[in-house]
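For reference, the structure discussed in these notes is given below.
The values are calculated or read from the model by the stated rules, or taken from the named source; none is laboratory data. What you see is a predicted model; the values in this text were computed from it and never measured. Neighbour counts run over all protein chains shown; Cβ positions are idealised from the backbone, glycine included. SASA here: full protein model, heavy atoms, side chains in, ligands and nucleic acids out. Shrake-Rupley method; radii C 1.70, N 1.55, O 1.52, S 1.80 Å.
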Amino acid sequence: MHSLNDKYPFLIKYLDNAVTSGNMAHCILFYGSDIEAQYELALEAARMLNCKESHSADCQCLNCNWIRENKHPAVLTYTRFDNRAAADEGKKGANISIDQAHEIKNNLLVSSDYHRVLIFCDRDKEGGVITGLNQVNFTEPTANALLKTFEEPPSNTTFFFLTKDKSEVITTVVSRAQCFYVPSMKEEDRDFSLVKEAMEGYLELERSEVLDFNNKILELVKMYDAQQVFTEMQNYIENLLRANLDNMSLKVKLIGDLHAIEEAKKQNRLNMNVQTIVETLNFKLIL
């Protein structure tokens, strides 16, 4: 079983360097299909920030153990079920509320000896599985009520926002956060049958072969929904990524390719010209 460092060495290295240098961003957004992995990364960052001893992954200091047990007073998860505001008592909330936002602002006015970490996500039900933010469970009014707080938070305070797709969180949050794509490392059946023939060997293609590759992807986009084609391209690349966890240089390339496809999906949702989207994407994929 791979550790977080095995699965996400670049993110762990970033977090470690940020903690060591004292330059941890005050607002971080993780996005990708595996929300639970994002949550683990946010907790690991909280552990690093509050560790009073070696900062090692197996440190047994009080703060590290509190965080592993999800009992740390300064590391809080905010969902429509977790850390509800007193004013929300008895209400059936469909989202993180404005009253929660107001309580957060008031709580942060009180100084703390710890590095406060606030993790925003959702659950599929009360006490259920962690899921991602969207504009239903984290509405624009709630985000705007927190805007100044996460834009200019008190010292030793970091906000984490977890979502499947950056487009599901309002732009005022995204524009103020450092955003990191977290690829899924789960052993899942991710279909890429539509694109398998076109994608096989794409890493070995030369620039002179990009037009042929481009034509294959364009043909698929004409025959099927573009978002489905892009998703299956991501599935194909994530399958390669899981099979090459120990190859650092290849991992950099594959993660970059996943970013490129995510951008293509965003452009497609904005109804940009699909042929232009595909051509731009394929020139990025074929280095």
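Grab the Cα-Cα distance for residue 190 and residue 61, subtract it from 0.36 nm times how many residues apart they are, and report the gain in nm with one decimal.
42.5 nm
Using +1 at the Cβ of each Lys and Arg and -1 at the Cβ of each Asp and Glu in the chain, identify which of 109, 119, 181 lies farthest towards the dipole's positive end.
It is 109.
Please compute the per residue accessible area over the chain with all protein chains in place, 1.4 Å probe, rounded to a whole number of Å².
50 Å²
Exactly which chymotrypsin sites (Phe, Trp or Tyr not before Pro) in the stretch 23-101 are in a DSSP loop and have at most 16 other Cβ atoms within 10 Å?
Of the chymotrypsin sites (Phe, Trp or Tyr not before Pro), the ones in loops of the stretch 23-101 whose Cβ has at most 16 other Cβ atoms within 10 Å are 81.
Measure nothing fancy, just the Cα-based angle from helix 140-151's long axis to the longest principal axis of the chain, in degrees from 0 to 90, nearest 10.
On a 0 to 90 degree scale, this one is about 70.
Do the alpha carbons of any pairs in 13/164; 52/105; 13/216; 164/251; 7/216 sit beyond 29 Å of each other, and which pairs?
Flagged as over cut-off: 13/216; 7/216.
If I take R0 = 35 Å and measure r between the Cβ atoms of residue 280 and residue 13 in this structure, what FRET efficiency does the formula 1/(1 + (r/R0)^6) give, to the nearest 0.05?
0.75
Kindly provide the helix-only [θ] at 222 nm of the chain, computed as the sum of -39,500 (n - 2.57) over DSSP H runs of four or more divided by all residues, to the nearest 500 deg cm²/dmol?
-14500 deg cm²/dmol, from helical runs alone.
Through the Karplus equation 6.51 cos²θ - 1.76 cosθ + 1.60, θ set to phi - 60°, convert the phi angles of the stretch 98-104 into ³J(HN,Hα) values in whole Hz; use x for Gly and Pro.
Each residue of the stretch 98-104 in turn: 5, 5, 4, 4, 5, 5, 4 Hz.
Let me check I've understood the local charge: for residue 16, count other residues with C-beta under 13 angstrom from its C-beta, Lys and Arg +1, Asp and Glu -1. What total comes out?
Its environment carries a net charge of +1.
Counting pairwise Cα distances across the stretch 76-142, what percent come out greater than 19 angstrom?
Value for the stretch 76-142 (Cα pairs over 19 Å): 31 percent.
Defining a contact as two alpha carbons under 8 Å apart and six or more residues distant in sequence, what relative contact order in percent does the chain show?
21 percent
Using amide H atoms built in the peptide plane, which far-off residues or other-chain residues are under 5 Å from residue 120 H to H?
Amide H neighbours of residue 120: 78, 160, 161, 162.
Figure the gain on full extension for residue 205 and residue 23 (residue separation times 0.36 nm, minus the Cα-Cα span) and round it to one decimal in nm.
Stretched out fully, the residue 205 to residue 23 stretch lengthens by 61.6 nm.
Could you give each residue of the stretch 114-130 its phi-based ³J(HN,Hα) in whole Hz, using Karplus coefficients 6.51, -1.76, 1.60 with θ = phi - 60°, and x for Gly or Pro?
9, 8, 7, 10, 10, 10, 9, 7, 8, 10, 6, 6, 4, x, x, 6, 5
Taking a temperature of 10 °C and a viscosity of 1.306 mPa s, what whole-number D in µm²/s does Stokes-Einstein yield for the stretch 109-169 with Rh from Kirkwood over alpha carbon pairs?
For the chosen part, D equals 123 µm²/s.
Any chance you could run the full-extension gain for residue 83 through residue 102? It's 0.36 nm times the residue separation minus the Cα-Cα distance, nm to one decimal.
Result for the pair: 5.6 nm of gain on full extension.
Kindly write out, for the stretch 222-237 in residue order, the coupling ³J(HN,Hα) from the Karplus curve 6.51 cos²θ - 1.76 cosθ + 1.60 (θ = phi - 60°), rounded to whole Hz, with x marking Gly and Pro.
6, 8, 10, 5, 4, 5, 5, 4, 5, 4, 5, 4, 4, 4, 4, 6
Based only on Cα atoms, what Rg/Rh ratio does the stretch 1-156 have, Rh being taken as Kirkwood's radius?
0.95
Taking the alpha-carbon centroid of each part, what is the distance from the stretch 144-196 to the stretch 63-89 in angstrom?
19 Å
Could you pull out the GluC sites (Glu not before Pro) across the stretch 217-287 that fall in loop regions by DSSP (anything but H, G, I, E, B) with no more than 15 other Cβ atoms inside 10 Å?
none
Report the rotationally averaged projected area of the chain based on its alpha-carbon convex hull, in square nanometres.
16.3 nm²
Just the ratio, please: alpha-carbon radius of gyration of the stretch 137-270 over 2.2 N^0.38 Å, N its number of residues.
Relative to the 2.2 N^0.38 Å estimate, the stretch 137-270 comes out at 1.28.
With a 1.4 Å probe and all protein chains left in place, how much of the accessible area of the chain comes from carbon and sulfur atoms, in whole percent?
49 percent
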